[in-house]
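Here the structure is laid out as structure tokens; the discussion comes afterwards.
We did not get these values from a lab; they are worked out from the coordinates using the rules stated. This structure is a prediction, so every number in the text was calculated from the model and none was measured. Cβ sites come from the backbone with ideal geometry, for glycine too, and all protein chains shown count toward neighbours.
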Ligand code: PHE
């Protein structure tokens, strides 16, 4: 009884000890009750009463102390141990994706010289992706090797194949079919090609197409537009070259190369050691394409170009592997926080 009265019950932890020691099923009191059967029959009743008294005493002490401990903790603020001088934990804010940053930067540059944005579908029909653009029936780009064709729904009334667009040039066609002349448009968007994924290529990437159609548009106008863009995007200290090329929808056609800014001309896996990287294709809109879209090719001419946003972003920020753009590694993405 003296022991029960003297035990420490001042804290929640001590109280727990007390409960286990005296009231628990394996505690000291339970032990004493167990020993009751060894007590001679004539004494059992008296000792049993004493034990019951002790148990009540212990329970009473426990109840009282528990109430006291609870009252004490209720009087304290819940965060009494909280250090108000600690700096706050910052909110985890997301960052803008580098491809979006560069896309917007490119569109702003072209907006300054009068190019407004137009968009078109990613699931496209053969006419807008290929045929109107003067691709011959048997052109290799139509092959399953390069293009993702879309299976029509069973019983669907389709007269031509549907596919994931292989370039943003489909929007050229849609704009020329529907908009009044002159046309001055930039057309950003996602494109798809059936290619093996590597540091330089992906089966999904982004392009920005440009189109200008008016009277007396010349190749010199195209070159000045591209020069202006490259200077605005990368600065004065950069070389640009137009390399003769072929596209079914432009004539003449040229690929646009600039100094490789990843290795600054020293040679790397992106420019394959040449010091030059291609940033896009361009050319004068083929008269057949103008006619396919209902534009009089005797009166009007135009130029067009298409650039890869991934490529421009890699050059701008020295990103050596294009797969980083789609892996969503926050250690990569956070580096563009301040842009
Ligand atoms: N569509 C071409 C491509 O995807 C690029 C291009 C656009 C070339 C416009 C000329 C004119 O590679």
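Entry note, the chain: relative contact order of 15 percent, from Cα contacts under 8 Å with a spacing of 6+ residues.
Report, to the nearest 10°, how far helix 169-178 tilts away from the longest principal axis of the Cα atoms in the chain, using its own Cα long axis and a range of 0 to 90°. Roughly 70 degrees between the two axes.
Take every pair of alpha-carbon atoms less than 8 Å apart whose residues are at least six positions apart; their mean separation over the length of the stretch 177-225 yields a relative contact order of 40 percent. On a 0 to 90° scale, report how tilted helix 219-234 is relative to the longest principal axis of the chain, with both axes built from alpha carbons and the result rounded to the nearest 10. Orientation of helix 219-234: about 30 degrees from the principal axis. Ranked by the mean number of other Cβ atoms within 10 Å of their residues, highest first, the peptides 211-218, 187-194, 256-263 fall in the order 256-263, 187-194, 211-218. For the peptides 4-10, 79-85, 159-165, 325-331, the ranking by packing is 159-165, 4-10, 325-331, 79-85, with the highest mean count of neighbouring Cβ atoms within 10 Å listed first.
A straight chain from residue 45 to residue 123 at 0.36 nm per residue would run longer than the Cα-Cα distance by 18.8 nm. What does the C-alpha gyration tensor say about the overall shape of the stretch 144-298? Classify as rounded when a/c is under 1.5, otherwise prolate if a/b is larger than b/c, or oblate. Oblate, since a/c reaches 1.5 and b/c is not below a/b. What's the angle, to the nearest 10 degrees (0 to 90), between helix 98-111's Cα axis and the longest principal axis of the chain? Relative to the chain, helix 98-111 is tipped by roughly 40 degrees. Note on the stretch 306-327 and the stretch 178-231: Cα centroid distance 16 Å, given to the nearest whole angstrom. Summary of the geometry: the stretch 1-43 and the stretch 254-280, compared by the centres of their Cα atoms, lie 85 Å apart. Considering helices alone, the calculated mean residue ellipticity of the chain at 222 nm is -10500 deg cm²/dmol, with DSSP H runs of length four and up weighted by -39500 (n - 2.57) and normalised per residue.
Relative protection proxy for 173-182, 108-117, from highest mean packing down: 173-182, 108-117 (other beta-carbon atoms within 10 angstrom).
Using a cutoff of 8 angstrom between alpha carbon atoms and counting only pairs six or more residues apart, the relative contact order for the stretch 58-212 works out to 22 percent. For residue 278 and residue 86, what is the calculated FRET efficiency with R₀ set at 56 Å and r taken between the beta-carbons, to the nearest 0.05? It comes out at approximately 0.60.
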